[in-house]
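Input: a single structure, listed below in structure tokens.
Please treat every number below as a calculation from the coordinates, not as lab data. Bear in mind the structure is a predicted one, so any value in this text is a computation, not a measurement. Please note: Cβ atoms are built from the backbone with ideal geometry, for glycine as well, and neighbour counts cover all protein chains shown.
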Amino acid sequence: MDKLELSKSDNILFGKISNLLNESRKFVVVSINQTIVLTYFEIGRLIVENEQEGKERAAYGKAVLKELSQKLSEEFGKGYSVYNLERMRNFYLTYKNRIEDTQKSASLLRKSESEKSASPMRKSEHPFKLSWTHYLQLLKIDKTNERDFYEIEAANNNWSVRELERQFSSSLYERLVLSRDKQGIKELSKKGQVVTKPIDTIKEPYVLDFLGLEEQDKYTESDLETAIINKLEHFLLELGKGFLFVGRQQRITIEDEHFYVDLVFYNRLLQCFVLIDLKIGKLKHQDLGQIQMYVNYYDEFVKTDEENPTIGIVLCKQKNETLVKITLPKDNLQIFASKYQTVLPSKEELKQLIEGKN
């Protein structure tokens, strides 16, 4: 039988139905995940309130959970081991202020069930927007502000559990804290990473562990640039929100002299070009002067009137904060210098830097 050829209008119809079905599938998955999370939240509540009479730290033996685990497993199958029941209990204790009372939780559960047959375009009002596996990862984070930040970012950016683990392992929260003032730090745990001004894009340090370059390796700036281009998708994730790649070694001509910008990006949230100059050694004041020239050129000859001023970032192996402060003007909003590391920094190292900053 010959393959059926669809007309243009039929193809449009197929596309619309295909999109609808894909959206519906996503909606069902989200709805099921939220129902599971709410159910486990309620199980944790019952264990804490009913079995322990509401006393969070009451001493009760493993025997209670062991017997409960055995009965639940016989009735409902796998997933109700003592270990998992303890995690549900911990989940409730961690997020109990998210849902004030049992009635509200029960109402949300009923709503979650009804949404399975509702329109896939209907927005969810559930307090838990991630999967149970995501929350198991979040429960490993002790500090509330840090945990809230990763939850917001995972939900806003549709992070997989693996990406959540990677961002936590690379200490994204601590690195953003190091580049912000006190008000900016507070906003991280309430809103996540919001990009409204150039400083919001900066991290300290940038972690380029995905390049496969060890700290002791001898490599040139060209090697570093090539490694970044070969892992461009990873580098864009490390840069953060809104970045689009424009090109490498972009030529600037001033009279008869040519200069080359290592990496050029565009940030659609800030609506501006972002120029990155790579330095494998110690930052020098000439490096800041060079990136300033690149930025001035783009502002004068490349960007449109509708676009915002260009951002310049010198990405270096070693940075002298005093040198940066003295070299750049006090009202500087466009030029930044930040360190990069080719191996993951330790949490302890970053905590010490944060304590030193405060």
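Summary table below
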item	result
Out-of-range pairs (alpha-carbon distance over 19 Å; input LYS197/LYS303; LYS182/LYS317; LYS282/LYS347; LYS143/LYS191; LYS186/LYS351)	LYS182/LYS317; LYS282/LYS347
Neighbour-count ranking [beta-carbon atoms within 10 angstrom, fewest first] of LEU213, LEU164	LEU213, LEU164
Rounded, prolate or oblate (a/c below 1.5 giving rounded, otherwise prolate when a/b exceeds b/c) for region 168-270 by Cα gyration tensor	oblate
